[in-house]
Every structure is written in structure tokens, then in C-alpha cells.
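K.L.:
Below are the C-alpha cells for one structure; questions will follow.
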Amino acid sequence: MALLEARGVDIVYRPPLGPPILAVRDVSLSVDTGEFVGLVGESGCGKSTLGYALTRMLRPPAHQTGGRVMFDGHDVTDLRGEALRRLRRRGLGLVLQSGMNALNPVRQIGKHFGDVMAGDGSSRRGERQDRMRSLLEQVGLDASVLARYPHELSGGMRQRVAIALVLSLEPRLIVFDEPTTALDVLVQAAVMDTIRSLQRATGFSALMISHDLGLVANATDRIVVMYAGRIVEDRAARTVVTEARHPYTRALLGCYGDPRADSVELRGIPGAPPDLSRQAAGCAYAPRCGLAQERCWQEEPALRRVGEAWVSCHRAEEPEAAPTAEAGPAPGAATVRG
Ligand SMILES: Nc1ncnc2c1ncn2[C@@H]1O[C@H](COP(=O)(O)OP(=O)(O)O)[C@@H](O)[C@H]1O
Ligand SMILES: [Mg+2]
């Protein structure tokens, strides 16, 4: 059953200066109870904006101008203030950002737990200490971090603390917004493993936002790909590498290296995502797509069923649009030694 369901969500930024930006357009997405979904796309595609909308944490200048969001069967689109806080206490999700700056530098880790757990009303001091220890243990940390300041911890440890803080609220849904981006690749993989095993053990639903399709394809059940504010592909994670049908998904697959290799090839996608303050006719990806035809420039493709997946590409069924074997480095490819 869907724990979270978004239907036809539109989000516009109305900055004080400059034109409005259509950051999210007609997005429908559901996350089942206990499901772990990856949300991927390049920077600026609208992933964070969507994550904030799904957890009702969107703030001006962003405005939801269309669509509904349902949580656990309740329409939460128009909830504000106390009604929203009540639902959050009952498990409505929240966004966990990169832990690099989520922690207050002048407060010890134990104080952070005190702040977050103060609201739960229940526990006496001793009980609270026990809970902190158990939460830290779940994320692979020792209770000695409670007495330390954020700067005394490594990036990976800070991220683990941030995860433990979120877990203390017992959410039923967590949106992880690029939680490992600032970490080096091996620590990234370790933190991702921890999140995955916690998710399996605790059973919360999760949306993992990342620009790294390779990293999340290995950790999640389902992958949703966003481009220029729209969902372009939605499919089971295990079929992404072999069966992705959208040219953008396949371009993203060419963009990651094996974290265990000592030399990682970075293959960028030529060109850049479009300016979201202007809406051109046709497919937003056409200017960067090797398969674009006349029709792609005229008509925006709808997200439609293709086999087991959802894909918005006019050419999704064509054999020439199928994944190919190693296509060789794209122009501008770089090799970085790690
Ligand atoms: N505070 C803001 N004011 C105006 N535009 C914004 C703001 N935040 C984000 N945007 C625009 O919304 C679009 C989506 O941003 P975002 O959701 O942060 O993308 P992502 O998380 O995929 O990198 C971008 O084009 C960005 O320029
Ligand atoms: Mg973002």
C-alpha cells in the first residue's frame, strides 16, 4: 500500500527578482510502506524541491501550484501549523540533508539529541540516555560521541549522527537529500549500506535523492529519474542498468564509476539542463539527445507504461533506443585517479 502518494504536483519558485521558475511539473509518485526509492537526476532537476514538497517542508519563494500529496491515506496538501505538527509526530516524513552543516558547531552531540528528544515528552533522563546509546549503536557509533563537538568527528560520523537524530523521531518516511555527497566514495558506500540495513531493520519508507545513479541503483528497490522538473523514467532498480529506456537515464548510467576501482572515469553528459523559467515545446531533453527526431522537438512526451516501467520518451519502444554495450567515452570525458 502507498504510504505516500503525490499526484500531478507542480511547484513554482517566485523569486523577488526575475521570472518564475517551474521547478517541478506534473509529478506523480508513490512510495509504498517499507519501500526504498531512489530519486536521481543532475543538479537543478528539481529533486530537493520535490523532496520538500512531499514532506510538507516547502517554504517561499517555492509554492505548490498544483496537485495533491497524500500521506497514509490523508490529504496533507493544505495542512499547516498544529495539524501538520501532529501528523509529523505520527510519522509524516522529513528531509535529512547532508550532515556536513546539519549540526550546530557549538553544541555537543548529546545536546543535539536532547533538543530533538525534548519534544517526545515521555522519558526520564536515564531512559533518554539509553535511547541515545541505542540509536548511536544502530548507526554504528559509540556512545563516546555524545560528549564531542561536530568538528571533532569525521564527515562520515557526522552523517551517521544526523541519521540517528532523525531516527529518534521514529518517522515512517525519510527523504535523504544527497546524504553522502560530501563524503569520499568509500565512506559514501559505507553510509549507504548503514542506511539500507537500518531501513530493512526498522521498516521505514525512504526516498534517497542523489545525482549518482550507480550509487542508489545498488541500494534501492525502485529508481525514479527526474529531468527538468519532470519524471522521465520510473522502474525497478534491478532493471535500470540492463533495461533503462530513457536516453537520459542511460546517459546518467555512463556517468558513474565503480567506487572500488582505483581509477574512476567521469563521463559527463554533454550540454546542460534547460532554463526552467522558459518552457520550450517538445521534449526538454531533445537538445542533448542523440535520438531526437522531428516529433521530439514538437511534442512533449507523456509519461507512459513501457513494459514494467514508466518512461516519457517518444522512442522508448524502438530497438535502436535500447541500451547498447560500452559506447566509449563521450567528448570531454576525464579520468580521475582516486
Ligand atoms: N530559492 C530558490 N529560488 C529560486 N529558484 C530556485 C530556488 N531553489 C531552487 N531553485 C530552482 O529550482 C530548480 C530545482 O532546484 P532543486 O530542487 O534544488 O534541484 P536539485 O535538487 O535537483 O539540484 C533549479 O532550477 C533551481 O534554480
Ligand atoms: Mg538538491
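Computed from the coordinates by the stated procedures, all read-outs in this text should not be read as laboratory data. It should be emphasised that the depicted structure is a prediction, and the values quoted were computed from it without experimental measurement. Using ideal geometry, Cβ is built from the backbone for each residue, glycine included, and neighbour counts are taken over all protein chains shown.
K.L.:
Pick out, from THR49, HIS63, GLY81, the residue whose Cα sits farthest towards the positive end of the charge dipole of segment 38-101, with +1 on the Cβ of Lys and Arg and -1 on the Cβ of Asp and Glu.
P.N.:
Looking along the dipole axis, the top candidate is GLY81.
K.L.:
What whole number of Å gives the distance from the Cα centroid of segment 120-179 to the Cα centroid of segment 59-102?
P.N.:
22 Å
K.L.:
Have a look at GLY307, VAL216, VAL139 and report the one farthest towards the positive end of the charge dipole of the chain, computed about the Cα centre with Cβ charges (Lys/Arg +1, Asp/Glu -1).
P.N.:
Farthest towards the positive pole: VAL139.
K.L.:
Could you derive backbone 3J(HN,Hα) for segment 43-60 from the dihedral phi with the Karplus parameters 6.51, -1.76 and 1.60 (θ = phi - 60°), listing whole Hz in sequence and x where the residue is Gly or Pro?
P.N.:
Values, residue by residue: 4, x, 7, x, 5, 5, 4, 5, x, 5, 5, 5, 9, 6, 10, 5, 10, x Hz.
K.L.:
What are the trypsin sites (Lys or Arg not before Pro) within segment 145-188 that DSSP puts in a loop, where the Cβ has at most 16 other Cβ atoms within 10 Å? Spell out each step's value before the answer.
P.N.:
Details: sites: ARG148, ARG158, ARG160, ARG172; in loops: ARG148, ARG172.
Passing both the DSSP loop test and the Cβ count: ARG148.
K.L.:
So for segment 105-168, averaging the separation of alpha carbon pairs under 8 Å that are six or more residues apart and normalising by length, what relative contact order in percent results?
P.N.:
Relative contact order comes out at 50 percent.
K.L.:
For the chain, modelled as a Gaussian network with Cα springs under 10 Å, which listed residue fluctuates most, THR220, THR242, THR77?
P.N.:
THR242
K.L.:
Classify segment 105-168 as rounded, prolate or oblate from the Cα gyration tensor: take a ≥ b ≥ c as the square roots of its eigenvalues, call it rounded if a/c is under 1.5, otherwise prolate when a/b beats b/c and oblate if not.
P.N.:
Here segment 105-168 falls in the prolate category.
K.L.:
Take every Cα pair under 8 Å in the chain that's 6+ residues apart, average their separations, divide by the length, and report that relative contact order as a whole percent.
P.N.:
Over the chain, the number comes to 19 percent.
K.L.:
Size of the dipole of the chain about the Cα centre, Lys and Arg at +1 and Asp and Glu at -1 on the beta carbon, nothing else charged, in debye to 20?
P.N.:
Values: 41 positive and 39 negative charges, 237 e Å.
Approximately 1140 debye in magnitude.
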